[in-house]
Amino acid sequence: MEDVSIRFQSCIGVILILVVSWLFSESKQNVLISRVLKQLTIVFIFAILLVTIPQVKEVFFYLNKIVQHLQVATEFGTSFVFGYLGVLIYLFWKIKWVPVLYLLLKLCLSFWS
């Protein structure tokens, strides 16, 4: 039962993202439904590949490890260059919701200017 509700919620989320992006579009009449459907098909194919084929999962886990190592190196370099300010920058970006708030604030300010 829980699996069905999660799938339903995911489908509603995809539809909601499409509707919101269409609502904020500058030229709604120029949106090509066929192109949107083709791109959604590609996304779903990648999702199915990721879920069903173990080798694809391993590739993405490997890529994730590479990104994590780059993140650690970036944090170390920031601390080395900026000293204690680098630690503050590290703590600022370590809290995952702060970048989201930053982007929302920037988006709101762009509407007012």
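Per-structure values
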read-out: Residue in the range 72-86 that is modelled with pLDDT of 85 or more and among the polar types (S, T, N, Q) present; value: no
read-out: The range 18-36, residues that are farther than 27 Å from C108 by Cβ and open to solvent by 100 Å² or more (accessible area, probe 1.4 Å); value: Q29, I33, R35
read-out: A73 being open to solvent by less than 100 Å² (accessible area, probe 1.4 Å) and under 19 Å from I15 (Cβ atoms); value: no
read-out: Residue in the range 100-110 that is modelled with pLDDT under 85, open to solvent by less than 70 Å² (accessible area, probe 1.4 Å) and at negative phi present; value: yes
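The values are calculated or read from the model by the stated rules, or taken from the named source; none is laboratory data. Quick caveat: nothing in here was measured; it's all calculated off a predicted structure. Using ideal geometry, Cβ is built from the backbone for each residue, glycine included, and neighbour counts are taken over all protein chains shown. Surface accessibility is based on the protein's heavy atoms, side chains included, excluding ligands, DNA and RNA. Shrake-Rupley method; radii C 1.70, N 1.55, O 1.52, S 1.80 Å.
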